[in-house]
Amino acid sequence: MRVLDGDLGSRLLEETRLWPQTILENYLTVALDLRKCSLTTIPAEYPEADLIAARIDEACTGQYRVMVEETDPRQKMRLIEQLKIDMRSAFKECVDASSAHKAHMEWSERLRLSEFEMEVRPSIRELFIFKDRAVPKKLEKLAKRRDLYRRELTPDMRSIASRSRLIYPEEFKPDYVRQLGELLGYPRCCTEAYISGRMTGNILAEERAANQIAELRSKGNEPDHFSFAVKDFIPCNPSCKAASGTGRKIQNQLTTLDPKLAEFYAECLKRNLSLIESFHDRIEAHRQKISKRAEELGIPVK
């Protein structure tokens, strides 16, 4: 299959309903067999993310307030389960109606890609994009394993678990992380560094990477942009040769296909590095945003 026909490259760069970087890194690289699979979190990675999230909030805020004010444990549990159902319904309605979803469907069809969706929370999904027919069976097994790890959290464990371990318990399971990393085409050394941080309770991988970059720059050295091959990927170090090899392979393929795309990807690499480097500032900005939104909705924040 010839992936880039006619002005497809130009259309990718001019797309406004999805981020062009998302299309390039998560759709085009899979279509070109540069990655087996990619992962996009929705609605967070859609240009309309704030609007979609606001609409879901508005549809479910009333039920949430009733649930919070309920004091009877049994009734509260029933309200929680109903709230989850309502949030899933609101999510589907709001996402399906978005221009980003329409663009996703069009690009997937154009590049002959398939998708597999996993629920993270009632209002958050992980969308896996793939072409290889062997991938969906692996994702199905991964999804079942994730469900198992989440069901293993007993009430006693939930009361003492950290927020990240409570919401994403599978990220603390080496077998799950290794299989996911392999599907996404991440170097084994980078996956192992991520696992090490999770298992030892050290700082987040993003924070570790931000500190590594700062230390490298303090010594007068520059990180290798190619090591930050795709958004949200965190190399084991800012100059990882395996990660850099992935980035260079993508760059070379794009250069052959369309120089405009190769030039754009070079900017994406810089942006990916900058996102990791600015981790501390982004976390603080996110906290302030959540607090402000909760205040607008009249929801107390702990």
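The values are calculated or read from the model by the stated rules, or taken from the named source; none is laboratory data. Model, not experiment: these values are computed from the prediction. Virtual Cβ from ideal backbone geometry, glycine too; neighbours counted across all protein chains shown.
Once region 61-76 is narrowed to residues that are of a type outside the set (Phe, Trp, Tyr) and in contact (Cβ under 8 Å) with a residue 40 or more places away in the chain, the residue that is farthest from Glu93 (Cα to Cα) is Val68. Filtering region 266-302 to residues that are of a type outside the set (A, V, I, L, M), over 19 Å from the mean Cα position of the chain (by Cα) and modelled with pLDDT of 90 or more leaves only Glu267.
In region 1-27, what residues are under 20 Å from Pro136 (Cβ atoms), crowded, with 19+ Cβ neighbours inside 10 Å and either modelled with pLDDT under 95 or out of contact with any helix residue (DSSP H, G or I) (no Cβ under 6 Å at 6 or more places or on another chain) (or both)? Matches in region 1-27: Asn26 only. Of all residues in region 6-35, those satisfying the criterion of being part of a helix (DSSP H, G or I), under 16 Å from the mean Cα position of the chain (by Cα) and not β-branched (Val, Ile, Thr) are Pro20, Gln21, Leu24, Glu25, Asn26, Tyr27. Of all the residues in region 74-104, those that are of a type outside the set (Ser, Thr, Tyr) and not in a helix (DSSP H, G or I) number 1.
If you check Arg217 against the conditions, is it assigned to a helix (DSSP H, G or I), of a type outside the set (Val, Ile, Thr) and under 21 Å from the mean Cα position of the chain (by Cα)?
On the way: assigned to a helix (DSSP H, G or I): yes; of a type outside the set (Val, Ile, Thr): yes; under 21 Å from the mean Cα position of the chain (by Cα): no.
Here the answer is no, as Arg217 does not meet what is asked.
Taken over region 252-288, the residue count meeting the criterion of being buried (at least 20 other Cβ atoms within 10 Å of the Cβ) and of a type in the set (S, T, N, Q) is 1.
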